[in-house]
Amino acid sequence: MTTDTIIRLEDISKLYRGVPAVKGVTFELKRGEIHALLGENGAGKSTLTKIIAGVVEASSGRMFHKGEEKSYASPNEALDAGIAMVFQETSLVPSMTVAQNLYLGSEKFLNRLRGIYISAQQFLQSLNFAVDPTALVETLGAAKKQMVEIARAVHHNAEVIIFDEPTATLTPEEKRHFFALIRRLKARGVSIVFISHALEEALMLSDRITILRDGELVASGETKDFDREKIIAAMVGRSLSAELYRQRDEATVRKAGHKVLSVQDISMGATVRNNSFSVFQGQITGIFGLIGSGRTETFKIVSGIYKRDFLRGGSIELNDRPVRYVVPREAVKDGIVYITEDRKSEGFFETMSIAENIFGGLLAADREKHAIISYSEMREAAAEWTRALSVRAINDNARVVELSGGNQQKVVIGKGLVQKPKIVIFDEPTRGVDVGAIAEIHQIINRLADEGLAVVVISSYLPEIMNLSDRILVCRQGRIVEEFSPIEATEEKIMYAAVH
Amino acid sequence: MDTKKGFDLFILNQERIVLAITAVIFVVASFGLPGFLTPDNLVAVVRSVSVLGILALGMAVVIIGRGIDLSAVAVMAMSVAWYLQMLNAGWSEAGALALVLSGVILIGLVNGFLVAYAEVPAIFVTLASASFVFGYVRSQIITADAVPVPNGHWLQSLGAVQFLDVPVEVFIFATFALIVFLFLRFTKWGRYVYFAGDNPVAARNAGMPVRPMLVLRYTISAILSFIAGLLTAASLHSMNTRVVNSTLFYDIVLVAVIGGIGLSGGKGGVRNVLIGAALTGILLNTMTIIDIPLIYQNLIKSTILLAAIIIDGVLNPRDEQTAQQGDI
């Protein structure tokens, strides 16, 4: 073992209720390197890093920290030893100030606010972070929150910092700041592990890359030996880029059918402002916008989940009939189905099986008005949709929480499609979904448009928008600002419209 | 709920643990306690949990839908006290019953409306309505703590009815258990209870009538409380309103939760109420035969309730943590 190795994992395995999440992985982190950890969802990336950071305990295997065998029982213990983990969702206390968060858990018995503001200010300046230590965390943007998280890690003299999907919620501008920061940390001799879905970032930023698949290490080496193709092939075991990044031409763009939805000047508080657009049958309308641009809110208004402003709220016409929904139930009855971006908190029913989840959609649609339900109907509906969407599970009685992200998403889609909608709104349909399932979900979406449904796809992932859409609408600051045809659109043009 | 085909015997859950404990207590008591395993005593056990069981059925419907109804005991005692008071004052049977029943339904509707539409937490709404119902009826309507059943009234004779040496309460409990079972399992409104209890936001977004169903659940709970009150009056020949300030409410929650109806919503069913009622009934009966003082009985019950909730939390963790931390 060389002296420039700071962490070494040997033959690490982790079982969750007997199911292996990590299988015999040997991993090495060198001093002062940026190490990208890649893999599909459920490949074991998070588990592996959580073992290093003491969040979970390995079932077997050994871990060496600076050459000594160690096993950290809690994140605090790991932090004291110089290993910090920055989670996907930040673990800051929103109602406290930046300085209070920095010193959280290391306060003196008598804690003077002024004192910690002064030392926090000095500390943040030494890191070159432009964050006001007296600002409340809840008022900060995603990038600044991340800065505070990082500052906290550095404040604890962390020599190893692990980032779990750090750039998922950042705007391009914020990403640039973040990358500069990572490089500064590296210059200070900090070793960095970062988990990412964005392959371009990994290739650009890292010194070495490790790729996991199904809990096993499939490739590891210097970044210069990898390219995009090679990484994808290693992640999924086959080459998918042709399916995911097709070139669009006249033949693959669907013509607009009947105008089913016409939205005029709708507004809701400060998030949706005088937004106008139309949706047509038989094609996919892609909505691109950065987080906070009001795209999700706009379509939640359309599907009755949110209510638009009562005065000057604009108008929505469904097949030339003005509508104003109070509850989603009315929208569902009119054939509008919204498939959420956040399946865990508002998509599926976690204590229930696949069959019950899909049946939930059927019961909610309430088409046949039967008071008495039929379990054979449930089994038939479940069988039909798990087959149509190729949900992979042991059987339809498997609980949804036990499935992978992609299969969970398919169940949520099935729960929506069983309601026989006329307009389907997909919000980030492939977020947290593995690469293999992305292609399948794209096929499902294309099939719906081919069958003549009006389909809306909201996404902040540009290749997805370019690949699927027959029309691309760009949302910025609560309204649609530009429309592109997928033939003429380029990633640069769309991004320019979304940002400026 | 459980739609699994076959029975996975190796998975421990609270329901099976409680069933096993019940069986152990039953066997030990049968051999160790003279007078336990006699027909009379066993009938007494079932009879003692009948009223509790009916109250727990209503509570189960509310808890599965991720709520709680603290007003159950107050509605049970005060509605029947009011009813008896009117009968004693010479009201006609139909008039008194109609008025009380509409009062009971009104309380359920108000509870449900405040929880569903005003979005006040259920625990505060029902606490307030319990105090209101008790205070209003006790101060404005009835004059003494206890109101007797008038002589010759059908409630008096109901208390004495027996089929095959089994008191009628037991059959009434069984009937309502069956009705609630059929409601929860085979009607779409019953299924909505589970969906809304599991994930209210997802249920609403999918187009289920989440709010009207909440109102329905609190109304069902109020009506079942009234029926439990009638049975209490039938067996005791009066309604003592001091029961509102007793620990009866905790017994109801004990029956519901100990059987495996998770307080986090979406879990359990009538079977769990029956199992909870069995354990509670046998436990209370053996403690009475051994002659443990009431204050110690409360201590034992509270310890068991706490243990049941902790075991439930350990065996069936909600996935909220993984939900917050992304993929495994």
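No value in this document is a laboratory result; all are computed from the given coordinates. Since we're looking at a predicted model, the values are computed, not measured. Quick reminder, even Gly has a Cβ in these numbers, built from the backbone with ideal geometry, and neighbours come from all protein chains shown.
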Under the 7 Å Cα-to-Cβ spin-label approximation, A:Val93 and B:Tyr117 lie apart by a distance in nanometres of 4.0 nm
Tell me whether region B:47-243 comes out rounded, prolate or oblate; compute the Cα gyration tensor, take square roots of the eigenvalues as a ≥ b ≥ c, and use a/c under 1.5 as the rounded threshold.
oblate
Once amide H atoms are built 1.01 Å from N in the peptide plane, which residues 5 or more positions from A:Ala219, or in another chain, come under 5 Å H to H?
A:Ile211
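Based on the alpha-carbon gyration tensor of the protein assembly as shown and its eigenvalue square roots a ≥ b ≥ c, which shape applies: rounded if a/c is under 1.5, prolate if not and a/b is larger than b/c, or oblate? Working shown, then result.
On the way: a/c = 2.07, a/b = 1.58, b/c = 1.31.
Cα axes put the protein assembly as shown in the prolate bin.
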Between region B:29-65 and region B:260-295, what is the C-alpha centre distance in whole Å?
8 Å
Could you give the nm distance between label points at A:Lys255 and B:Thr303, where each point is 7 Å from its Cα heading toward the beta carbon?
8.1 nm
Output the Cα-based Rg and Dmax of region A:101-228 in Å, rounding Rg to one decimal and Dmax to a whole number.
16.8, 54
Per residue, the convex hull enclosing the alpha carbons of region B:141-281 has a volume in Å³ of 139 Å³
Among the listed pairs A:Lys300/A:Lys422; A:Lys307/A:Lys493; A:Lys333/B:Lys267, which are separated by more than 21 Å between their Cα atoms?
A:Lys307/A:Lys493; A:Lys333/B:Lys267
Relative contact order, percent, region A:250-499 [alpha-carbon distance under 8 Å, six or more residues apart]
29 percent
Relative contact order for chain A using alpha-carbon pairs under 8 Å, separation at least 6, rounded to a whole percent?
15 percent
Can you give the % of DSSP beta bridges in chain A that are antiparallel, to the nearest 5?
55 percent
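Neighbour counts of other C-beta atoms within 10 Å: give me B:Trp154, A:Trp385 arranged from fewest to most.
Values: B:Trp154 12, A:Trp385 26.
The fewest-first ordering by Cβ neighbours comes to B:Trp154, A:Trp385.
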So what are the three principal axis dimensions of region A:25-98 from its Cα atoms, in whole Å, longest to shortest?
40, 30, 28
What is region B:47-243's relative contact order, in percent, from Cα pairs under 8 angstrom and six or more apart in sequence?
44 percent
At 222 nm, what value in deg cm²/dmol follows for chain A if DSSP H runs of at least 4 each add -39500 (n - 2.57) and the sum is divided by all its residues, to the nearest 500?
-10000 deg cm²/dmol
Which aspartates and glutamates, on any chain, are close to A:Lys230 with Cα under 19 Å apart, when same-chain ones fewer than 8 places away are left out?
A:Glu40, A:Glu200, A:Glu201, A:Asp207, A:Asp214, A:Glu216, A:Glu222, A:Glu243, A:Asp434
Residue exposure sequence - A:Ile372, B:Ile275, A:Ile232 - by fewest surrounding Cβ within 10 Å:
A:Ile372, A:Ile232, B:Ile275
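For the pair B:Val43 and B:His237, what calculated FRET efficiency results from E = 1/(1 + (r/R0)^6), where r is the Cβ-Cβ distance and R0 = 30 Å, to the nearest 0.05?
Efficiency, rounded to the nearest 0.05: 0.95.
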